[in-house]
Structure formats: structure tokens, C-alpha cells
1. Just name the residue that is farthest from the chain's Cα centre (by Cα) out of those in region 63-73 that are under 20 Å from S40 (Cα atoms) and crowded, with 24+ Cβ neighbours inside 10 Å.
2. Could you tell me whether any residue of region 200-211 is farther than 28 Å from E83 by Cβ, β-branched (V, I, T) and in contact with a strand residue (DSSP E or B) (Cβ under 9 Å, 6 or more places away or on another chain)?
3. Any residue at all in region 34-42 that is surrounded by fewer than 23 Cβ atoms within 10 Å (Cβ to Cβ), at pLDDT 95 or above and part of a strand (DSSP E or B)?
4. Do the conditions hold for V197, that is, is it buried (at least 16 other Cβ atoms within 10 Å of the Cβ) and modelled with pLDDT of 95 or more?
5. I need a count of the residues in region 235-258 that are closer than 22 Å to R303 by Cβ and surrounded by fewer than 18 Cβ atoms within 10 Å (Cβ to Cβ).
6. Within region 138-171, track down each residue that is touching a helix residue (DSSP H, G or I) at 6+ places or on another chain (Cβ under 7 Å), surrounded by 22 or more Cβ atoms within 10 Å (Cβ to Cβ), within 24 Å of I281 (Cα to Cα) and not hydroxyl-bearing (S, T, Y).
7. Please find, within region 159-187, the residue that is nearest to R123 (Cα to Cα) out of those that are touching a Ser or Thr at 6+ places or on another chain (Cβ under 8 Å) and small (G, A, S).
8. Say whether the condition of being touching a helix residue (DSSP H, G or I) at 6+ places or on another chain (Cβ under 7 Å), within 24 Å of I166 (Cβ to Cβ) and not in a loop (DSSP other than H, G, I, E, B) is met by at least one residue in region 89-102.
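The values are calculated or read from the model by the stated rules, or taken from the named source; none is laboratory data. Worth saying up front: this structure is predicted, and the values here are computed from it rather than measured. Quick reminder, even Gly has a Cβ in these numbers, built from the backbone with ideal geometry, and neighbours come from all protein chains shown.
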Amino acid sequence: MTGAVTRRTVLATGAAGAASSAMAMTGGRGGQGSNAARFSLGFAPHEGSFASRGGLIEQIAYAADQGFTAWEDNEARSRPIAEQEKMARALSRRGMKMGVFVASMPKWAQSRPLLGANDDAEREAFLADIRTSIEVAKRLDATRMTVVTGFMDPKVPVDIQTARVIDVMRRAGDIVVPHGIAMVMEPLNTRTNHPGVYMQTVAQGYAVARGVNSPAVKILADLYHEQIQSGNLIPTLEMCWNEVGYIQFGDNPGRNEPGTGEINYASIVRWLRSRRYAGVIGMEHGNSLPGRAGEDRLIAAYRQIDRQGGDV
């Protein structure tokens, strides 16, 4: 992503379009209570998932009416305080849990920060972002916030960079742990979306998290990224589970809803149930079709994996 294009802008592309039968299928929007069966897991849409329904607050209400019990918003930190507070009230009224927001947004076009570099300035700027994100988390009643551990510095040995990333994440953990918040480090794929990032796999995140050894520093396992970079999803989750603090879904190729690519998300859901996972699962992807037809398909895809995942 470059310029003013954000991750959420990319994921929401094509979300507005012609009307279809979503209201008839799900019973309409209703008042303050859900009018559709609640999902058994905490699947979390984002702004753009239901773009045809209106603005942010209207989309939250529509998601609640479809049975979703969580929400996530990468860009929440950059929103005005009044908008953050409005979103928090909307989620609270509908009994929805807040998922992640990005605590320190990378400068994607500049491939920064370099948290493993010789210069300490970018590490200090990162820590400053973490400090100011605490109030955002409290405002939103969020207990998880995403961090990206920066980009590779080709001038510094990888092992040195790893040690420095562990050091800065330990310092960040000391900042947030008194507030009951955990930062979740997101490994990103380098083959399709984010060439040059430092953290590229869940296994690498596990090594850093074990080095930090703090309840405030965990891994965000985005299964779209992990499938591209490494695959072997369930065994990887099994090995790294005690350091995983958050999950995100997205199929590959295309980064759209489950069922549009190669990942067997029904099996993932079944495995998560076997681990008694009760956290949020971010729907970190776009819709494969534009407009309301795409919104219908999105809901149907999550109904299907929620049902096929079954009980364990």
C-alpha cells in the first residue's frame, strides 16, 4: 500500500453496489436486539464489510442484527476521540466486543520503522505510539492492539535485529501490562503483500514472544498471511498456541471470505473450538463480490463455517 491507501481501504474495495436480498434473508435491521442467530465464535467484521448499509455506526448495527458479536477497526487510533467514543457506545449497546486496532501504524510506502536498526530513534517513536494508544484502548474497551514489528534493515545482521526487537517489545510490554492490555505482533507475508517486513511467520513471532516473556506481548495469527508464507496452519497453531493472542481469517488467493480460496476454514473453526478459544476472530479480508450480493455472500460464508465447524 502506498500514499493515502490504508489496509482497510484495500479490504473494503468494491463493497458498495446494487441492492439484493440480504434483508429478506436475515430478517431486516430491527431495533436494539439481534434478529438473527448469534454466531458461536467471535467473528469480527470491520468498516467496509457492510458498506451499503451506511456509515460506521450503521454498519455496526447491521452486523449485530446478523448475529456478529465482535468488531475490529485497524484505523481506530486515527479517528477523532468523539468518533471513538461513539463507536464504543454503539458496540456496548449491541453487546459487541471490540477486537484489535493498530497501535503504531507502519509507514508502508517508506518501509519504516526499522526496529532492529542501529539508530534508537525509531524504537523510541514506536514506544511513544504505544503509550498514547493506551487511552484509545481504554476508550474502546479493547484488550488487544496490533503492532507490526517493522521492516528489515539490510545493514544489520538478522540476529542483532531480533535481539533489538525483543528488547523494544519487552519495554513496550512493561508500558501496557499494568493496564490489562496485550499487544499482538502480526507476522505478514512477503510474497504477495509486504516485502521487506521483519516478522514473516507465526513461528518467528513465537520466538520473539518467548524472548520477551510477557503476558502483554503475544502473536496475531493472521491465517491469510501464514498460509502464503508457510502453510501448515493447524500444526503451527498447535506448536505456538500458548503465545497466540488473537486470530484473523482471510482466504488465499484473493484475501476474501472463507470458501473463496484454498484454506479449509471449517477445520480451523473445529480446531479453535477444541482449544476452547473464546477470543475475537478478525475478518481481515474483503468481499469477493461488490455491493449487497457480496455482503450476503460474506454472511453466508461465516454461517457455513460456523455450522460445519460443529461441536467437538
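1. Per the criteria, the residue is Q66.
2. yes
3. Yes, region 34-42 contains at least one residue that is surrounded by fewer than 23 Cβ atoms within 10 Å (Cβ to Cβ), at pLDDT 95 or above and part of a strand (DSSP E or B).
4. Numbers: buried (at least 16 other Cβ atoms within 10 Å of the Cβ): yes; modelled with pLDDT of 95 or more: yes.
Yes.
5. Qualifying residue count, region 235-258: 1.
6. The answer is L140, M145, M169.
7. Among those that are touching a Ser or Thr at 6+ places or on another chain (Cβ under 8 Å) and small (G, A, S), it is G173.
8. Residues of region 89-102 that are touching a helix residue (DSSP H, G or I) at 6+ places or on another chain (Cβ under 7 Å), as a first pass: 90-91, 94, 96, 98, 101-102.
From what is left, the residues that are within 24 Å of I166 (Cβ to Cβ) are 101-102.
Within this subset, residues satisfying the condition of being not in a loop (DSSP other than H, G, I, E, B) are 102.
Scanning region 89-102, I find at least one residue that is touching a helix residue (DSSP H, G or I) at 6+ places or on another chain (Cβ under 7 Å), within 24 Å of I166 (Cβ to Cβ) and not in a loop (DSSP other than H, G, I, E, B), so the answer is yes.
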